[in-house]
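First comes the structure, then the notes that go with it.
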Amino acid sequence: MSLYPQNHYGQPYGYAQPVVGYSYPQALPPPVFIMDPNTFRREYSLRLADLTINSRPIIQNLSMLAQEYSRFADIVAQCIEAHIRRVSHVSSPLFGNPQLDKSVLPSL
């Protein structure tokens, strides 16, 4: 038993009734942009620069872009390496506390 009155569909009153025989319009596929390597490097680096905290949506977008343009995998690797070098000397939540990592992990 519910605290709120419900209709015979099990939804609270005021909600729209399901429409039989109607399907939602399908989303159009995103337009295909042909990128040259320099444009891709610039675009990927700009999006990577937004990654200042451990943000799942940003990481997913970067991953999808890298997957979509897998022919530029070497550029993706170069951009990520440059980004790590740029932010690793700064105290960054992306990489944690290096002193803590050294104290927790045994040196190899």
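What follows draws every value from the coordinates through simple rules; no lab data is involved. Please read all numbers here as calculations on a predicted model, not as lab measurements. Glycine also receives a Cβ, built like all others from the backbone with ideal geometry; neighbour counts cover every protein chain displayed.
Below, the figures for the structure above:
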| quantity | calculated |
| --- | --- |
| From phi via Karplus (6.51, -1.76, 1.60), per-residue ³J(HN,Hα) for the stretch 79-87 in Hz, x at Gly/Pro | 5, 5, 4, 5, 5, 4, 4, 5, 9 |
| Whole-Hz couplings from phi, Karplus 6.51/-1.76/1.60, listed for the stretch 69-75; x for Gly and Pro | 10, 5, 5, 9, 4, 5, 5 |
| Estimated inter-spin distance, Met35 and Arg71, nm [label 7 Å along Cα→Cβ] | 1.3 nm |
| Spin-label pair Arg86/Arg47, simplified geometry with 7 Å Cα→Cβ offset, distance in nm | 1.5 nm |
